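Here is the structure we will look at, set down as structure tokens.
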Amino acid sequence: MMVGDHPMKTKISALVDGELDLRELDTVFDALDRDDVPRETWRLYHLLSDAMRDTSLRSAGFSARFAEKLAVEPTVLAPGRLPAERGRWMALSAAASLAAVALVGWLAFAPAPGTAPGVLPGAPLASAPQATRVHSASTEGVRPVMRQTLEPRRASAPLPMRVLLLEATNDYLLAHQEFSPRSSLQGMAPYVRTVSAPIVEGMRR
Amino acid sequence: MNGAALGARVLALSLAWTAGCASAQTMPEARALLNRVYEATQTLSYTGTFVFQQGQRNETSRVTRRASAAGDVERLEVLDGSPREIVRTKDGVRCYLPQARTLKIGHGGGARGFPALLPARMDALLQHYTVRLGPMDRVADRACKTLTMEPKDDFRYGYALCADAESGMLLRAITLNEANVPVEQFTFTRLVIGDVHAEAVEPRYATRSWRIEEASVRPADLAAEGWRIESNLPGFQKIVEVVRESGARHRIGQIVYSDGLAAVSVFVESAEGRREPLSSGAVNVGGINIYVREVGDHVVTVVGETPAASVRRVADHVRYQRPQ
């Protein structure tokens, strides 16, 4: 699998780091939706990012911890930024990607502990073939992040919580706006909140 | 501090709030102006450009309204960043998101009855806000009348408005928090009142091959489904109770409360399929606050044009008991 110099590469890297301009989210998600290369890039960067945070990468317990980490990730409501580490792993990416590819190949076939083969703990056994961002006009809530299934040949890194919240937020806002009396004083203007990438100051526990 | 100095300070503070208004207690006139804004918003044809400001973000949009016998149509186009568009007709709301190639359709949930909400609830509204006329100002090269709505408690935000002297259209609307700091602001930079052609409210996108997201909305009785939901905010009365359904499995209950101006929505949905407990949390989107928590295998999301403490208060009081 070659990631190469796909134009999305830098943007996906920024997305993984939580540094992507919110206005570019649609473009990147479109690419992730349609194209295999960006999706592979996304997955690879996540693995690299995780690997760089985990210095004991080659220790025997890594795959178990990795699976646990993926399972736990959805409950992290605001993934932290890791600006200091970014430059480091970007620089190492050429060398590290080979190792990562090998790791992915292996991980992809390794059953996560306590689950059916190829299914992450925390993922329902329903037949969602891959992480999907097809949202209904209603609210998808914070749920979609739980729907990560790992196909035997394709490990999918969970989409960042913050991004899912942004999308769901717009759906909630639209559903709310339909009934808000503010419209009777301001017409359509308040609806601008429902189609924008809002500046969300973050989930706070 | 002697009595006179204290009195002077109090006077100065109140003058600061009312922007030096000499006739701070002209409630009937202020009320009349609010009604005029309402009438203008419901009846006029216009096209204009406004800036939406929230935190560090500034976004310019064009809004067009065409009143006609066949039914009024309104269109909102975001002019900065990725193009987005919303068209509202008597049949509901359609959101065009060309980059995601997605059309979101909302049915307005019987929104026909809602424009009447404000005048009908003016008396109730004035129990929770002190409305005062301020001095004349100028926005988008038009003379406008300032109007402040000061909340009588901390459960709601305050507003500083400016209404076009000629038409009554709201040219500026600032939402203020309890510290009197703006949390979001709408300001027209251009407004033209009068004839609007039909093409001006036509969406520019053909949506063939787009993903369509649509939910049906119908009245519901969430109490019968085991929910105990109350506004727990003074003056916020229930205005609607519905269920939104899309697909076979997605079903979301929604109850909306309003004090006549601000609204709070409570969304409840099943957390089925989730194995991890959901952490509760708060999200701020300018003048809107959101609070999420889990209640008995369900996710409760409260969205309100109110301070964060108010949406949390509503969310914290939601109870669920599975029907026998």
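Read the figures in this text as sums done on the coordinates, not as results from a lab. For clarity, every value in this text was computed on a predicted model and none was experimentally measured. Note that we place each Cβ from the backbone using ideal geometry, even for glycine, and neighbour counts take in every protein chain shown.
Which of the residues spanning the stretch B:203-226 are part of a loop (DSSP other than H, G, I, E, B) and in contact (Cβ under 8 Å) with a residue 24 or more places away in the chain?
B:203, B:204, B:205, B:207, B:209, B:210, B:215, B:220, B:222, B:224, B:225, B:226, listed by residue number.
Hey, among the residues in the stretch B:71-99 that are part of a loop (DSSP other than H, G, I, E, B) and farther than 18 Å from residue B:214 by Cβ, which one's farthest from the other protein chains (Cβ to nearest Cβ)?
Among those residues, the one meeting the criterion is B:71.
Residues in the stretch B:56-64: is at least one within 10 Å of chain A (Cβ to nearest Cβ), part of a strand (DSSP E or B) and on the phi > 0 side of the Ramachandran plot?
no
With the requirement that a residue be aliphatic (A, V, I, L, M) and under 21 Å from residue B:272 (Cα atoms), what does the stretch B:299-324 give you?
B:299, B:300, B:302, B:315, B:318
Being within 30 Å of residue B:102 (Cα to Cα), acidic (Asp, Glu) and surrounded by 19 or more Cβ atoms within 10 Å (Cβ to Cβ), is that true of even one residue in the stretch B:213-232?
Yes, the stretch B:213-232 contains a residue that is within 30 Å of residue B:102 (Cα to Cα), acidic (Asp, Glu) and surrounded by 19 or more Cβ atoms within 10 Å (Cβ to Cβ).
Condition first: within 23 Å of residue B:199 (Cα to Cα) and either more than 10 Å from chain A (Cβ to nearest Cβ) or exposed (fewer than 15 other Cβ atoms within 10 Å of the Cβ) (or both). Can you find one or more residues in the stretch B:33-43 that meet it?
yes
Within the stretch B:193-224, restricting attention to residues that are basic (Lys, Arg) and away from every other protein chain (no Cβ under 14 Å), which residue is farthest from residue B:74 (Cα to Cα)?
B:208
Which one is nearest to the other protein chains (Cβ to nearest Cβ), of the residues in the stretch B:174-191 that are more than 18 Å from residue B:78 (Cα to Cα) and assigned to a strand (DSSP E or B)?
Step one: filter the stretch B:174-191 for residues more than 18 Å from residue B:78 (Cα to Cα), giving B:174-183.
Cutting the leftovers down to assigned to a strand (DSSP E or B) gives us B:174-176, B:182-183.
Details: B:174: 12, B:175: 10, B:176: 15, B:182: 14, B:183: 11 Å.
So the residue we want is B:175.
Restricting to the stretch B:148-183, name every residue that is within 22 Å of residue B:233 (Cα to Cα), buried (at least 23 other Cβ atoms within 10 Å of the Cβ) and charged (D, E, K, R).
B:156
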